[in-house]
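A quick write-up on the structure given underneath.
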Amino acid sequence: MSASVDQSKPDEVIKDLGGCGRYQIRLSVTVHLVKTLFSFSYTSLVIMTSVPTWWCKENIYNNGTFLESSGTQSCSTTNGTECHSFSFEEGTNTIVSEFKLICTNDFIPSTINSIQMAGTLTSYVISGHVADRFGRKPTFLIAILIVFCFNLVGFFSVSWKMFAVSTFFTGFGRGDFLTTQHSIMSEYTPSKWRVLVIGFPSLALHQCLLSLIAWLIRDWRYLLLMTSLLAIPCFFATYFIVPESFRWYIAHEKFDKAKYIVKSIAKYNRNNTFNTDISLGRPESSAKQRYTLLNLFQTCELAKITLLSMLNW
């Protein structure tokens, strides 16, 4: 079947290209593999802020003679004074054991997790506008670079405050990716396949894999370093395999670039019947306009859907 209309709409083009073909499968597999980086970056924080077994380290003396060093899991010594020396179980090193985030500082690990989520929330608000303005692929690549750089910053952290700042930006990169990956996969996939392509439970698989890796790498710094280095193959896979959205090119009236991508898809899908002289155009009802977050609250019905979606997430 070939596209014979003068101005073919994006959905018609995807259908004429063969629907969910080899190109779409390769794209979806690549995006879900790249998602490993962001799944690790997000989930590993739960492991890195976990509290290992600890106890108050107290030296016991009798008549000026040292008898033994003992302790219990308590924030005070046997005589009721505040404990200043702690011991942690050997074999596992988290930020809690490294920066002594217990007793009066026991709120810090959960706060750091919240800081990362705050970065993700901030990114959700911003990244959609950036992707609409500058394109899906540049935003996608920037997300990988952000996670790469700030996981390295976390690796070299000399205090929990420095580490907390790095988690905000890794959370920002994660939100950037999650916003963009949905657009990239859905804009190249027929509507009937989008639920499967986007909803594939890759995050759960990544978390299972991370559990095994964390069991082998029991030091939070090296877990961060591993995650950071994972960004390198993810960056090149994205650069060479993941295309810019041809729908974005059409929306911004860059028809030549959109046509080039469409031809590449037809070639990769081995669709020899596709009309390569196709003329691409914006849908007639699609006026060129810019949207903001406020557009989600334009009507009562739209505001209700927006608020329910936010609550669901």
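The values are calculated or read from the model by the stated rules, or taken from the named source; none is laboratory data. Owing to the predicted nature of the structure, the values given are computational and were not obtained by experimental measurement. We place every Cβ from the backbone using ideal geometry, glycine too, and count neighbours over all the protein chains shown. Calculation scope for accessible area: heavy atoms of the full protein, side chains included, ligands and nucleic acids excluded. Shrake-Rupley method; radii C 1.70, N 1.55, O 1.52, S 1.80 Å.
Some values worked out for this structure:
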read-out	value
Boolean, residue 134 is open to solvent by 40 Å² or more (accessible area, probe 1.4 Å) and either out of contact with any Leu (no Cβ under 7 Å at 6 or more places or on another chain) or not hydroxyl-bearing (Ser, Thr, Tyr) (or both)	yes
Single unsatisfied condition, residue 219 versus (1) in contact with a strand residue (DSSP E or B) (Cβ under 6 Å, 6 or more places away or on another chain); (2) buried (at least 20 other Cβ atoms within 10 Å of the Cβ)	(2)
Selected residue (criterion: surrounded by the fewest Cβ atoms within 10 Å (Cβ to Cβ)) from residues of the range 174-189 that are within 19 Å of residue 265 (Cα to Cα), touching a residue at least 24 places away in the same chain (Cβ under 8 Å) and not charged (D, E, K, R)	183
Index of the failed condition, residue 142 passing every other in (1) aliphatic (A, V, I, L, M); (2) open to solvent by less than 70 Å² (accessible area, probe 1.4 Å); (3) in a helix (DSSP H, G or I)	(2)
From the options 209, 229, 203, 225, residue that is without any contact (Cβ under 8 Å) to a residue 60 or more places away in the chain, in a helix (DSSP H, G or I) and open to solvent by 40 Å² or more (accessible area, probe 1.4 Å)	229
Residues satisfying the stated conditions in the range 190-200, i.e. open to solvent by 50 Å² or more (accessible area, probe 1.4 Å) and not in a helix (DSSP H, G or I)	200
Among the candidates 153, 165, residue that is open to solvent by 70 Å² or more (accessible area, probe 1.4 Å), assigned to a helix (DSSP H, G or I) and either among the hydroxyl-bearing types (Ser, Thr, Tyr) or over 19 Å from residue 24 (Cβ atoms) (or both)	165
Hey, residue 121 in contact with a Ser or Thr (Cβ under 6 Å, 6 or more places away or on another chain) and either in a helix (DSSP H, G or I) or at pLDDT 95 or above (or both) or not	no
The range 245-280, residues that are among the aromatic types (Phe, Trp, Tyr) and either modelled with pLDDT under 85 or over 21 Å from residue 134 (Cβ atoms) (or both)	255, 268, 274
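Here is a yes/no grid of residues against (1) out of contact with any Cys (no Cβ under 9 Å at 6 or more places or on another chain); (2) modelled with pLDDT under 95:
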| site | (1), (2) |
| --- | --- |
| 165 | yes, no |
| 169 | no, no |
| 177 | yes, yes |
| 180 | yes, yes |
| 187 | yes, yes |
| 190 | no, yes |
| 193 | no, yes |
| 198 | yes, yes |
| 208 | yes, yes |
